[in-house]
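Step one of this worksheet: look at the structure below.
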């Protein structure tokens with residue numbers, strides 16, 4: 001979780017000086033606003049925590065081969081978000097988004113605390129790009145995914161008015 005914590009701190013630091021107007025500014029068609037990126041990260045973390053809880057409850061073991069999840073940071077390949085992870089278009093404040101991200105992180109941490117070593121290695125579920133990931137890989141994937149969006153946020157910040 002250390003990597004996840006470091007990336008989250010960098011993410012929040014990168015947006016702390018922006019106005020709510022800047023957070024919600026769409027700089028180009030087809031490009032998410034910073035607020036939308038943050039909401040997507042919240043939705044993703046909630047979905048991963050839910051997936052972990054569901055996988056943990058399965059009686060059948062489903063070990064998965066280790067995948068190169070660090071490649072999630074590479075933005076040379078555009079990966080469309082599944083519809084249930086697409087952010088809304090409504091105006092959101094930084095405070096609202098920080099609260100959402102704190103909530104999803106707390107849920108992920110609580111979920112991870114209840115895992116056994118066997119859960120980490122023997123339980124898995126599908127990722128749309130990497131295929132079947134073990135719970136052991138899903139947890140650090142959160143940080144890599146946030147790193148990817150931190151890069152996207154930095155690009156959007158450069159285009160703000």
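The values are calculated or read from the model by the stated rules, or taken from the named source; none is laboratory data. Just so you know, these numbers come straight off a predicted model, no measurement behind them. Cβ coordinates were reconstructed from backbone atoms using ideal geometry, including for glycine residues, and neighbour counts include every protein chain displayed.
Here are some notes:
- Selected residue [over 16 Å from residue 108 (Cα atoms) and either surrounded by fewer than 19 Cβ atoms within 10 Å (Cβ to Cβ) or at pLDDT 90 or above (or both)] from 40, 90: 90
- Selection status of residue 146, in contact (Cβ under 8 Å) with a residue 12 or more places away in the chain, surrounded by fewer than 14 Cβ atoms within 10 Å (Cβ to Cβ), within 16 Å of residue 8 (Cβ to Cβ) and within 15 Å of the chain's Cα centre (by Cα): no
- Test for residue 102: is it touching a residue at least 12 places away in the same chain (Cβ under 8 Å) and at negative phi: no
- Flag for residue 11 being at pLDDT 95 or above, in a helix (DSSP H, G or I), out of contact with any strand residue (DSSP E or B) (no Cβ under 9 Å at 6 or more places or on another chain) and under 19 Å from residue 154 (Cβ atoms): yes
- Pick from the range 82-93, criterion touching a helix residue (DSSP H, G or I) at 6+ places or on another chain (Cβ under 6 Å) and in a loop (DSSP other than H, G, I, E, B), ranking: nearest to residue 127 (Cα to Cα): 87
- Matching residues, the range 47-70, being crowded, with 17+ Cβ neighbours inside 10 Å and closer than 22 Å to residue 11 by Cβ: 48, 49, 51, 52, 69
- Some residue of the range 55-68 being closer than 18 Å to residue 108 by Cβ and touching a strand residue (DSSP E or B) at 6+ places or on another chain (Cβ under 9 Å): yes
- Residue check, residue 72 farther than 17 Å from residue 56 by Cα and either out of contact with any helix residue (DSSP H, G or I) (no Cβ under 6 Å at 6 or more places or on another chain) or outside any helix (DSSP H, G or I) (or both): no
- Any chance residue 96 is in a helix (DSSP H, G or I), without any contact (Cβ under 8 Å) to a residue 40 or more places away in the chain and either surrounded by fewer than 17 Cβ atoms within 10 Å (Cβ to Cβ) or touching a helix residue (DSSP H, G or I) at 6+ places or on another chain (Cβ under 7 Å) (or both): yes
- Residues of the range 30-59 that turn out to be within 16 Å of residue 158 (Cα to Cα) and over 16 Å from the mean Cα position of the chain (by Cα), as a count: 1
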